[in-house]
Amino acid sequence: MNKRMVFGIQVTNRAKNAGQVQKILTDYGCNIRTRIGLHEVDDKVCSPSGLILLELYGKEQDILKMEETLKAIDGVIVQKMVFEC
């Protein structure tokens, strides 16, 4: 891949959507160089939504297929940053 791609994935209703998202991330695990998961949590609250940041690796067609598959889940929003190398 001659481009460096980073995805920001907003997962709403984590209780409902986390399993589907995790399966897709596992299926494309060899295309994920770095993964960071963020959600608000403290003594009183555990947020029902979360944010996942991915630094991606591999064939662009595989990465775009992963993006398409994630976007097909209701309540999942994918934003992409592309850096030309």
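The values are calculated or read from the model by the stated rules, or taken from the named source; none is laboratory data. A quick note: this is a predicted structure, and the numbers were derived from the prediction, not measured. FYI the Cβ positions are ideal-geometry reconstructions off the backbone, even for glycines, and counts take in every protein chain you see.
Only one of the numbered conditions (1) loosely packed, with under 11 Cβ neighbours inside 10 Å; (2) under 17 Å from Met5 (Cα atoms) is not met by Val41, and that is (2). Sub-7 Å Cβ pairs linking a first residue in the range 59-70 that is touching a residue at least 60 places away in the same chain (Cβ under 8 Å) to a second residue that is assigned to a helix (DSSP H, G or I) and not hydroxyl-bearing (Ser, Thr, Tyr), at least 6 apart or interchain, are Ile63/Asn31; Leu70/Val21; Leu70/Ile24, ordered by first then second residue. Among the criteria (1) in contact with a Pro (Cβ under 8 Å, 6 or more places away or on another chain); (2) charged (D, E, K, R); (3) surrounded by fewer than 16 Cβ atoms within 10 Å (Cβ to Cβ), the one Arg14 does not fulfil is (3).
Of all residues in the range 65-85, which are part of a helix (DSSP H, G or I) and more than 12 Å from the chain's Cα centre (by Cα)? Give the derivation first.
Filtering the range 65-85 for residues part of a helix (DSSP H, G or I) gives 65-71.
Within the range 65-85, Lys65 is the sole residue that qualifies.
For the range 59-70, filtering for residues that are surrounded by 11 or more Cβ atoms within 10 Å (Cβ to Cβ), over 12 Å from Asn17 (Cβ atoms) and at pLDDT 95 or above leaves 7. None of Thr69, Thr12 is on the phi < 0 side of the Ramachandran plot and touching a Ser or Thr at 6+ places or on another chain (Cβ under 8 Å) except Thr12.
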